[in-house]
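Everything on this sheet refers to the single structure shown next.
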Amino acid sequence: MSAEPRINDRIRVPEVRLVGPSGEQVGIVPLAKALELAQEYDLDLVEVAANARPPVCKLMDYGKFKYESAMKAREARKNQAHTVIKEMKLRPKIDPHDYDTKKGHVVRFLKQGDKVKITIMFRGREQSRPELGYRLLQRLAEDVQDLGFIESNPKQDGRNMIMVLGPHKKKTEAMAEAREAQAARKASRQGDAADDAQGDDADVDVDAEVDADEQVEAPADAG
């Protein structure tokens, strides 16, 4: 069955409970009268509650209504937050440069509102030193504590040790901030472009004044 409501001549009932264009209650009227009012207002008669007795119909611009509904649904999907778990793998004896790089990725993920699964990979004799992995995980958690918290404490999983960090900000908040920052950068670029254009216009005006002065002085030099 179609999810589209019945409109205008597709409505097949003797009478309807009519709602006006501004939401006002008109009352129960014959279908023919409701269709006549729709023509007078240059609107559609739309069945909004088919199971009511009698069915409820409203006068509206159905094409505009469908468009606005589609835009709202699109915006809702865009703002919908999906839980994402990123993963970052480290070695127990990671060097300082690699650690800073990995930490930078973790910071970026948390700022985006994503969870981060941190995995310490042990090899060979490293497996007999689980405290190395535990200390590294604790260090990382402390370094990013302004952005995230330990959601799942470090635990051994075979040759690996795993910890999960959760972001302080919700995904929807992070997405909203990212859009605001993007809009601010765009506005700044447009402002810089406008300033450059004004500067170019000023240079042209100065050049024009110089040319005009030279043209005025030329006859005197010729004399």
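The values are calculated or read from the model by the stated rules, or taken from the named source; none is laboratory data. Nothing here was measured: the structure is a model prediction, and the numbers come from that model. All Cβ positions, glycine included, derive from the backbone under ideal geometry; neighbour counts span all protein chains shown. Note: areas computed on protein heavy atoms with side chains; ligands, DNA, RNA excluded. Shrake-Rupley method; radii C 1.70, N 1.55, O 1.52, S 1.80 Å.
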message = Give me, ordered by chain and number, the residues 5 or more places off residue 49 or on other chains with an amide H under 5 Å from its own placed amide H.
response = 56
key: Charge-dipole axis of region 30-162 as Lys and Arg at +1 and Asp and Glu at -1 on Cβ define it, positive-most pick from 110, 62, 124   = 124
ask   = Sequence-distant or interchain residues sharing an amide H contact under 5 Å with residue 151, placed H: which?
value = 164, 165, 166
key: Whole-percent carbon and sulfur share, accessible surface of region 105-145, 1.4 Å   = 45 percent
Exceeding the 22 Å Cα-Cα cut-off - candidates 93/169; 64/170; 93/117; 64/171; 78/117 = 93/169; 64/170; 64/171; 78/117
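Can you give the FRET efficiency to the nearest 0.05 for residue 146 and residue 51, using r as the Cβ-Cβ distance and R₀ = 45 Å?
Numbers: r = 54 Å, r/R0 = 1.19.
E between residue 146 and residue 51, to the nearest 0.05, is 0.25.
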message = Using amide H atoms built in the peptide plane, which far-off residues or other-chain residues are under 5 Å from residue 61 H to H?
response = 44
Estimated inter-spin distance, residue 117 and residue 93, nm [label 7 Å along Cα→Cβ] = 2.7 nm
Listed residues 41, 11, 97: farthest to the positive end of the dipole of region 1-108 (Cβ charges) = 97
remark   = A correct Karplus calculation of ³J(HN,Hα) over region 86-94, with 6.51 cos²θ - 1.76 cosθ + 1.60, θ = phi - 60°, whole Hz and x for Gly and Pro, returns 7, 10, 10, 10, 10, 9, x, 10, 5
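Per-residue counts of other Cβ atoms within 10 Å, averaged by peptide: what ranking do you get for 21-33, 43-55, highest first?
43-55, 21-33
Pulled fully out, how much extra length does the chain show between residue 125 and residue 71, if you take 0.36 nm times their separation in residues and subtract their Cα-Cα distance?
13.6 nm
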task = Over region 1-99, give the accessible area per residue in Å² for a 1.4 Å probe, as an integer.
result = 70 Å²
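Carbon and sulfur together cover what percent of the accessible area of region 1-84 at a 1.4 Å probe radius?
The nonpolar share, carbon plus sulfur, comes to 52 percent.
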